[in-house]
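Accompanying notes for the structure given below.
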Amino acid sequence: MSDVSSTVWQPPVATLRLLGGVDLQGLDRGVGDALLAQPKLVALLAYLAIAGAGRSWLRRDTLVALLWPELDQAHARAALRKAVHALRAALGADALPGRGDEELRFADDVLACDVVEFTRQVERGFLAAALELYVGELLPGFHLAGCVEFDRWLDQQRTEARERAGASAWAMAQLFNDQEAFTRAGQWARKAVQYSWDDERTLRRALSLLDRVGDRAGALRLYDEFARRLRVDFDAAPSPETQALVAKFRA
């Protein structure tokens, strides 16, 4: 059963925030800014935090292949050692423990990550708490030139996080609709479309919910916004099924 209540997240002293931007909170501002100005360090931290969620150990071979594909093995490993040294110097050695010479881990009890906590809250059913954390796309606009596999991994993580947010928002909309809290149901239905803006099935469900709760004007505004974005981004139009539904509202 999903919980509409909001459980306040109490992270450790330092927090890596990747949703809606990138930030290191709980550190000296100058230290955090110096790390975040280096894209490879941001990418390494993000991968260790997300791919290593649940305290999984990650092999150095995997990391060098993702982040330094242009270098031979010896130089790539040297670059990784330098990056890990810089992160440990800023965050503390406990933040990135090692196991032998080949494995690293992100210690989320030392340095929290909002993406990991967002996923955890969704899985626990604390949807309101999860959606408080989802303030925007994962690492928006972030890109590593020449690191095709890392960019592919990041795109997949963005999609998964966005889909979790959309599904959670729709579940909230349904909960409030069942409780006859129609204003809040409509608000969450709009959020679901915002998070899953290219999913017409979610759009049609939201439009139908808004119509049922008496907000037909809001439904039409939501459709017009969706159609405009689809046209601008993809030079496309909504599907005949969606257009037919909206035509019924207009009639």
Margin query: Out of everything in segment 5-35 that is in contact with a Leu (Cβ under 6 Å, 6 or more places away or on another chain) and in a helix (DSSP H, G or I), what residue ends up being modelled with the highest pLDDT?
Written below: LEU35
Next item on the list: From ASP151, ASP108, grab the single residue that is within 19 Å of VAL42 (Cα to Cα) and at pLDDT 95 or above.
Entry: ASP151
Item checked: Contacts under 8 angstrom Cβ, first residue in segment 38-63 being among the polar types (S, T, N, Q), partner surrounded by 14 or more Cβ atoms within 10 Å (Cβ to Cβ), 6 or more apart -> GLN38/ALA86; SER56/ARG105
Notebook entry, point to check: In segment 81-97, which residue that is in contact (Cβ under 8 Å) with a residue 12 or more places away in the chain and more than 30 Å from ARG162 (Cα to Cα) is surrounded by the fewest Cβ atoms within 10 Å (Cβ to Cβ)?
Noted result: ASP94
Checklist line | Residue in segment 215-224 that is surrounded by the most Cβ atoms within 10 Å (Cβ to Cβ), counting only those that are in contact with a Phe, Trp or Tyr (Cβ under 9 Å, 6 or more places away or on another chain) and in a helix (DSSP H, G or I) | finding: ALA219
Next item on the list: Scan segment 234-244 residue by residue and report those that are at pLDDT below 95 and part of a helix (DSSP H, G or I).
Entry: PHE234
Check: Which helices (runs of 4 or more DSSP H) sit wholly inside segment 99-211 and have at least 2 residues that are farther than 30 Å from GLY32 by Cβ?
Finding: 148-178, 182-195
Item checked: Residue pairs meeting the criteria (Cβ under 9 Å; at least 6 apart or on separate chains; first under 29 Å from ALA173 (Cα atoms) and assigned by TED's automatic domain parsing to the domain that holds LEU36, in segment 128-156; second of a type in the set (Phe, Trp, Tyr) and assigned to a helix (DSSP H, G or I)) -> none
Checklist line | Selected residue (criterion: surrounded by the fewest Cβ atoms within 10 Å (Cβ to Cβ)) from residues of segment 164-214 that are among the acidic types (Asp, Glu) and in contact (Cβ under 8 Å) with a residue 12 or more places away in the chain | finding: ASP198
Item checked: Residues located in segment 74-103, provided they are basic (Lys, Arg) and closer than 21 Å to VAL31 by Cβ -> ARG81, LYS82, ARG88
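The values are calculated or read from the model by the stated rules, or taken from the named source; none is laboratory data. Computed from a predicted structure; not experimentally measured. Quick reminder, even Gly has a Cβ in these numbers, built from the backbone with ideal geometry, and neighbours come from all protein chains shown.
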